[in-house]
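Worksheet for the structure shown next.
Each reported figure results from applying straightforward, stated rules to the coordinates on display, with no laboratory input. Because the structure is a prediction, the values reported are computed rather than measured. Virtual Cβ from ideal backbone geometry, glycine too; neighbours counted across all protein chains shown.
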Amino acid sequence: MAKLVARDIPGGSYVNLGIGQPTLVADYLPSDKHVVLHTENGMLGMGPQAQGDDIDPDLTNAGKLPVTELPGASYFHHADSFAMMRGGHLDVCVMGAFQVSTAGDLANWHTGDPDAIPAVGGAMDLAVGAKTVYVMMTLFDKDGTPKLVPKCTYPLTGLACVSRVYTDLAVFRLEDDQVYVTETFGTTVDELASRLRVPVLAGPFPA
Amino acid sequence: MAKLVARDIPGGSYVNLGIGQPTLVADYLPSDKHVVLHTENGMLGMGPQAQGDDIDPDLTNAGKLPVTELPGASYFHHADSFAMMRGGHLDVCVMGAFQVSTAGDLANWHTGDPDAIPAVGGAMDLAVGAKTVYVMMTLFDKDGTPKLVPKCTYPLTGLACVSRVYTDLAVFRLEDDQVYVTETFGTTVDELASRLRVPVLAGPFPA
Amino acid sequence: MIEVCGDAEAALRDLRDGATVLVGGFGEAGLPFGLLDGLLRCDAAGLTVVSNNAGNGDSGLAAVLATGRVRKIICSYPRQVDSWVFDRLYREGKIELELVPQGNLAERIRAAGAGIGGFYTPTGVGTPLAAGKEVRNIAGCDYILELPIHGDVALIRADTADEAGNLTYRKTARNFGPIMATAAKVTVAEVNRVVPAGAIDPENVVTPGIFVNRVVLAVGTAKAGSARSGSRETTR
Amino acid sequence: MIEVCGDAEAALRDLRDGATVLVGGFGEAGLPFGLLDGLLRCDAAGLTVVSNNAGNGDSGLAAVLATGRVRKIICSYPRQVDSWVFDRLYREGKIELELVPQGNLAERIRAAGAGIGGFYTPTGVGTPLAAGKEVRNIAGCDYILELPIHGDVALIRADTADEAGNLTYRKTARNFGPIMATAAKVTVAEVNRVVPAGAIDPENVVTPGIFVNRVVLAVGTAKAGSARSGSRETTR
């Protein structure tokens, strides 16, 4: 899945990869694609995770893991970093999700469990700020309930912000409240249509 | 007058000296007073005006004159510089004025002449932002009209912002809509009271 | 001119009950461990802490929370795998939480330092975190109004201070330091070294000295982000 | 990755009629003379220019105004001893002026780059420049609402660019460059040199490359603030 996301990120993009699974996307971005990674704690030009002697507790990613810096990197403070995000300067951000609606609404910060301790971090800023938001998630949760939904029932992170959804079974493009299936993995558009509670259309990726 | 202003600036203050006469104050600030000068075009730790080979067109003050940098200086962009001003971080600013009212209202950017081309610069930011605003001006204009007035008739720069007024004839402290005369030069409090259209009280500077 | 304090307690001497304390750091990078240790030894109670996280493990901010002297925390990401101190206090109703999206948190702190009365942000619109906040449509987009967060004291971690109070930072440990320094009445920086005025290139100053009141040298702690002890290279 | 343009015309190739052009500089420090010369040779008309001043003498921004292709200027300090070009156009009613206090101008540009929909500022309250603007009392103080200023193109003057687009500036020539770079769809920087990525210490980058689209090397002009010609130290 990370490989597909990496494939679809345009060369030369400025990209923020969310905590968890999205960080794997970095492994599939060849250096000649000139993608520059942003980490919202205050850096552009982030390199791979640090190992051994390269580990510096002052150099971490948004998941608080030690990382490295690439030539052409820069550091900036939090207000500048989030201005960069909110101001629409990032081309792509990739995040996980609990639910995505057909309108592109994103729910990924809270399950709605009243006993849960809430934590939001930079998810809402990324959702509204990046020019395009890609989501990576399993298409169904453990109970078989679809996570691509007509309307999110979990607390929202952002409205109408997601444009592509990468899942274990298919890749979706969301546009004008329509859901296009652009790739399937071991399933068919018809089968997906029957298992999801949202109408889906077969559609190729635009060039 | 510049000497008196310099005397009254507390040691260790961060100070902005306005264009024109206020810049002369710098000449009377001994280095052991540790006053740090701010120039709103983006510098703290400004030194004296540059001469000869020290002139660098990239290093100017707010009056666009070449200046120098002192050890401990720093440069920053305009949004940061005015955040510093607006956020109340400067201890003192010294400006010229057309009129000051007994309430401390300041008029120093426009004569109200409808034919004049207006220009405001950073005057309004300094008026609202500095912790204390000192004004340097002649007490009367060429026609003998007082410039310390019950209410400004010229367009305002800021409301209730001036706390001290240094003039050729006296120094005034403005407090709670009262005007205290703290020093006179070749005149008396009674004489001033008769020439001004505002009530004045004799009062020493507070410690 | 800054005051170089001998220890964290001296730097925190005027902390009062009910104060709002801005604490730099993102995770452990940029967390002022020495100052937080000093805070443990202060008496001030009923504090409001503003920080991105709500403490990890048992040291640093977590240790401060464990004293029970923090009434409220304003942060973006309290829940972490090792945030058990906060988790317990929260579940027991012993600490109030104001959850703020990270960018709004940063911008509210910046606004306080910049004299901005409030600002309209798109972040959070349509979400539960916008509850009770004014929504306004400007030029076709919805925004919510957010207000500044002022601090009484800011405790930050920097790399080098010069004697004029100018600061530089190290890598992503910069995070909240530069904005928190602007937003508090008193800013205390824990640094690795103090150098003479002029030793930092004026082009490379990140926090100008006007925003810094006191400096303490970092002491090596096992968990400190920049663990090496501080040094005073020279004094004036 | 930035595009290093051979000349200013190439850097300005997509400038359209009616565009809003942000022009860096305070007086002549930080004014992108080479780009302004290029602007003279463009056809685009009906421009709105946002800059602190409205031109000095007969070169730079004044020369651009003299072409008659600037419909409106948004600035804080148009009137200067040598602003005769602007003065004449203004008196003849040939140019519209929006006068903005300098700090509000800077903050409105920053707001555009930062995705802020509007902000409340104390500057200008009770003055003629607040006419028609919303006034709001927040926590006991009056503020006026100011809206962002977005640019189609930003023309700025920097010192060094690396091939990732990171910029440093020289002294007070920094002024509006860093904020204008964030507020325009296309940012063009006139620089003294282009160095390989990695040649600028990441701690000392003032404008990260994400905000910079094109770079041109400065050519020596008699009146240029940083008059020396630019050099390309290396190419990738």
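General observations
- Residue exposure sequence - C:His150, A:His78 - by fewest surrounding Cβ within 10 Å: C:His150, A:His78
- Cα-Cα over 28 Å, subset of A:Lys131/A:Lys151; A:Lys147/C:Lys72; A:Lys142/C:Lys94; B:Lys131/D:Lys171: A:Lys147/C:Lys72; A:Lys142/C:Lys94
- Shown in residue order for the stretch A:173-178 are the 3J(HN,Hα) couplings computed by the Karplus curve 6.51 cos²θ - 1.76 cosθ + 1.60 at θ = phi - 60°: 10, 9, 8, 6, 6, 9 Hz (x for Gly and Pro).
- Low-density loop cleavage sites - trypsin sites (Lys or Arg not before Pro) in the stretch D:62-117, where at most 13 other Cβ are within 10 Å (DSSP): D:Lys94
- Separation of alpha-carbon centers, the stretch B:123-183 and the stretch C:41-60, rounded to whole Å: 46 Å
- Prolate/oblate/rounded call for chain D, Cα gyration tensor, a/c under 1.5 rounded: oblate
- Global size of the stretch A:17-99 as Cα Rg and Dmax, reported in angstrom: 12.6, 40
- Debye log10 I(q)/I(0) for the stretch A:133-197, one point scatterer per Cα, at q = 0.16, 0.19, 0.23 Å⁻¹: -0.51, -0.74, -1.11
- Where labels lie 7 Å past Cα in the beta-carbon direction, separation of C:Arg88 and B:Lys131 in nm: 4.2 nm
- For chain D, averaging the sequence separation of C-alpha pairs within contact (under 8 Å, six or more residues apart) and dividing by the residue count gives a relative contact order of 22 percent.
- In this Cβ point-charge picture (+1 for Lys and Arg, -1 for Asp and Glu), the protein assembly as shown has a dipole of about 640 debye about its Cα centre.
- Rounded to the nearest angstrom and listed largest first, the equivalent-ellipsoid semi-axes of the protein assembly as shown from its Cα gyration tensor are 46, 33, 26.
- Sequence-ordered 3J(HN,Hα) estimates for the stretch D:129-146 from the Karplus curve with 6.51, -1.76 and 1.60 and θ = phi - 60° stand at 6, 9, 4, x, 9, 5, 10, 9, 8, 10, 6, x, 10, 8, 9, 10, 7, 10 Hz, glycine and proline given as x.
- Calculated [222 nm] ellipticity per residue, helices only, for chain A: -4000 deg cm²/dmol; basis is -39500 (n - 2.57) per DSSP H run with n ≥ 4, divided by all residues, nearest 500.
- Per residue of C:123-134, other chain Cβ atoms within 10 Å of the residue Cβ number 6 on average.
- Test item: A:112-119 mean partner chain Cβ contacts at 10 Å: 4
- Each of C:Met180, B:Met137, B:Met46 was scored by other Cβ atoms within 10 Å of its Cβ. Listed from fewest to most, they are B:Met137, B:Met46, C:Met180.
- Backbone HN-Hα couplings from phi across the stretch A:85-94 [Karplus 6.51/-1.76/1.60, Hz, Gly and Pro as x]: 6, 5, x, x, 8, 7, 6, 9, 10, 10
- Nitroxide proxy distance, nm - points 7 Å out along Cα→Cβ at C:Leu40 and A:Asp143: 4.4 nm
- Order of B:Ser74, B:Ser194, D:Ser59 - criterion: other Cβ atoms within 10 Å of each residue's Cβ, fewest first: B:Ser194, D:Ser59, B:Ser74
- Using a 7 Å Cα-to-Cβ projection, A:His34 label spacings across copies, nm, ascending: 5.0
- Taking every residue in B:124-135 and counting other chain Cβ atoms within 10 Å of its Cβ, the average works out to 5.
- Its alpha carbons give the stretch A:92-207 an Rg and a Dmax of 13.6, 45 Å.
- With R₀ fixed at 35 Å, the C-beta to C-beta distance from D:Ala131 to D:Ala10 puts the FRET efficiency at about 0.25.
- Inter-copy label distances at C:Glu98, shortest first and taken from points set 7 Å along Cα to Cβ: 3.3 nm.
- Inter-copy spacing of C:Lys133 label points, which lie 7 Å from Cα along Cα→Cβ, given in nm from shortest upward: 2.3
- Amide N proximity, the stretch A:91-106 versus A:Ile19 label position 7 Å along Cα-to-Cβ, cut-off under 12 Å: A:96
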